[in-house]
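K.L.:
First the structure, then my questions, so here it is.
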Amino acid sequence: MTKSKLHILFLCGWYPSRVLPNNGDFIQRHAEAVSLKHQISVLHIISDASLNKNIEIFSESINEIHTHIAYIKPSKNPIIKIIRYYNAFIILLKRIGTFDIVHLNKLFPFGILALYLKWVKKKQFVISEHWTGYHMPLAKKISNIELFLSKIIAKKASYICPVSDDLKHSMLNLKLKGKYLKVPNVVNTDLFFPLKKATKQFTIVHISNMLDSHKNVSGVIKTIAELNKTVTDFKLILIGENSLKYKDLADKLKISHKIDFIDHIPHFKVINYIQQADVFVLFSNYENLPCVILESFACATPVISTNVGGISEYFPNKFGFLIEPKNEDQLLEKLIYIYRFPKNNTEKMHKYAQENFSNTSIANQFSKLYEKALN
């Protein structure tokens, strides 16, 4: 039997920092969920071009998570870079002290550090994996040395926890063999909950990184231009970094007056936009399991999404529609349908999110994994 409260080392290849404030924020939310039951220490190392010295250490308690980040001065010499990362790693380990198990977030390259902790410190590790790069054709970009090391890391892990079965299958296709158990992304269902709409205007919201090759934002705007021929009282809200780069396309299609372009905002500020929307739209070309879809469910906001990645694994029939990638006709058809027949599954949708993605649900799932890994 393991002790009830463990000290978990969250070893993070991605994590919010002063260099990339939003990178891996979904990992931060996993850490905060697990902290309901265990003590969490985060270890993250990242290059910072603004540094004058070789290493700068940041340690602070953030939302009750002991967060330790080492900022490294970049170097074009790979040997110097490795030495700086290793030295930073050792400094952070000393600050963190003793711990019970490693929770690795993103298999490579920080999995090399997890192997070190397993072989030298005798610490077991589990892996959470979110990376879309394991899917074809993106996986063709993985180098032979990365793939070779990734196979070793996967084999030595106690458990590999992809956010979807679809991601698991892509990893297995690359011969990343191990003991797999799916654990989805987390939603704070105390913050994301249904709220009565303040206006009658039909409101469509899209929240993303605004990368067109990934999210096909231009396809959404083109579809909105077609929607304007049928429905007049509507608004599209685009939220994400550099959303204004799509204004030229909107101007060309004479649809700018129907769109609110909002730059990236803190996570807690997106809540009200989702709560006040009639539908959330994600028109991606590829995905794993986007948090924002689960957050929409928690807010009882219907979703129209492309049927890619692991989205269909957590998409009940009456919560919206799954459509083909790049199919603007289908997107238009479903938008008109929701406009004409608004959904009202408020209690059912929020309950589903609570049962599957809440902090408590995710904390319980990982706690069981930790216990199995340590016994």
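The values are calculated or read from the model by the stated rules, or taken from the named source; none is laboratory data. Model, not experiment: these values are computed from the prediction. No Cβ is skipped: glycine too gets one built from the backbone with ideal geometry, and neighbour counts run over all protein chains shown. Just the protein is used for accessible areas: all its heavy atoms, side chains included, with ligands, DNA and RNA removed. Shrake-Rupley method; radii C 1.70, N 1.55, O 1.52, S 1.80 Å.
K.L.:
List the number of the failed condition for residue 67; all other conditions in (1) crowded, with 20+ Cβ neighbours inside 10 Å; (2) modelled with pLDDT under 95 hold.
P.N.:
All conditions pass for residue 67, except number (2).
K.L.:
Where the second residue is modelled with pLDDT of 95 or more and open to solvent by 70 Å² or more (accessible area, probe 1.4 Å) and the first is among the polar types (S, T, N, Q) and lies in segment 241-257, which pairs have Cβ atoms under 7 Å and are six or more apart or on separate chains?
P.N.:
Qualifying pairs under 7 Å: 243/263; 256/247.
K.L.:
Okay, next question. Any idea which of 373, 353, 363 is under 30 Å from residue 123 (Cα atoms), aliphatic (A, V, I, L, M) and open to solvent by less than 10 Å² (accessible area, probe 1.4 Å)?
P.N.:
So the residue among 373, 353, 363 that is under 30 Å from residue 123 (Cα atoms), aliphatic (A, V, I, L, M) and open to solvent by less than 10 Å² (accessible area, probe 1.4 Å) is 363.
K.L.:
Does residue 56 fit the bill of being open to solvent by 50 Å² or more (accessible area, probe 1.4 Å), within 30 Å of residue 265 (Cα to Cα) and in contact with a Ser or Thr (Cβ under 8 Å, 6 or more places away or on another chain)?
P.N.:
Considered against the rule, which asks whether it is open to solvent by 50 Å² or more (accessible area, probe 1.4 Å), within 30 Å of residue 265 (Cα to Cα) and in contact with a Ser or Thr (Cβ under 8 Å, 6 or more places away or on another chain), residue 56 comes out as no.
K.L.:
Next question. Within segment 238-250, identify whether any single residue is over 25 Å from residue 329 (Cα atoms), within 23 Å of the chain's Cα centre (by Cα) and open to solvent by less than 30 Å² (accessible area, probe 1.4 Å), and answer yes or no.
P.N.:
no
K.L.:
Here is a further query. Considering (1) out of contact with any Gly (no Cβ under 7 Å at 6 or more places or on another chain); (2) in contact (Cβ under 8 Å) with a residue 24 or more places away in the chain; (3) not β-branched (Val, Ile, Thr), say which one residue 302 fails and leave the rest.
P.N.:
Failing condition for residue 302: (1).
K.L.:
Looking only at segment 317-375, which residues are of a type in the set (D, E, K, R), under 23 Å from residue 217 (Cβ atoms) and assigned to a helix (DSSP H, G or I)?
P.N.:
328, 329, 333, 334
K.L.:
Would it be correct to say that residue 125 is among the aromatic types (Phe, Trp, Tyr), open to solvent by 10 Å² or more (accessible area, probe 1.4 Å), touching a residue at least 24 places away in the same chain (Cβ under 8 Å) and under 12 Å from residue 11 (Cα atoms)?
P.N.:
Answer is no for this residue.
K.L.:
Give the number of residues within segment 90-111 that are surrounded by fewer than 18 Cβ atoms within 10 Å (Cβ to Cβ) and either hydrophobic (A, V, I, L, M, F, W, C) or within 26 Å of the chain's Cα centre (by Cα) (or both).
P.N.:
The number of residues fulfilling the criteria is 4.
K.L.:
A further question follows. Going by the structure shown, is residue 301 out of contact with any Ser or Thr (no Cβ under 6 Å at 6 or more places or on another chain), open to solvent by less than 30 Å² (accessible area, probe 1.4 Å) and over 26 Å from residue 135 (Cβ atoms)?
P.N.:
Against the criterion (out of contact with any Ser or Thr (no Cβ under 6 Å at 6 or more places or on another chain), open to solvent by less than 30 Å² (accessible area, probe 1.4 Å) and over 26 Å from residue 135 (Cβ atoms)), residue 301 qualifies.
K.L.:
The conditions are (1) modelled with pLDDT of 95 or more; (2) surrounded by fewer than 21 Cβ atoms within 10 Å (Cβ to Cβ); (3) out of contact with any Ser or Thr (no Cβ under 7 Å at 6 or more places or on another chain), and residue 198 fails exactly one of them. Which is it?
P.N.:
(1)
K.L.:
Looking at (1) in a loop (DSSP other than H, G, I, E, B); (2) surrounded by fewer than 15 Cβ atoms within 10 Å (Cβ to Cβ), which one does residue 260 not meet, given that it meets all the others?
P.N.:
(1)
K.L.:
When segment 269-290 is examined, which residues are found to be open to solvent by less than 20 Å² (accessible area, probe 1.4 Å), in a helix (DSSP H, G or I) and of a type outside the set (Val, Ile, Thr)?
P.N.:
If the condition is that a residue be open to solvent by less than 20 Å² (accessible area, probe 1.4 Å), in a helix (DSSP H, G or I) and of a type outside the set (Val, Ile, Thr), then 275 is the only one that fits.
K.L.:
Just to be sure I understand, how many residues within segment 304-316 are open to solvent by less than 60 Å² (accessible area, probe 1.4 Å) and assigned to a loop (DSSP other than H, G, I, E, B)?
P.N.:
5
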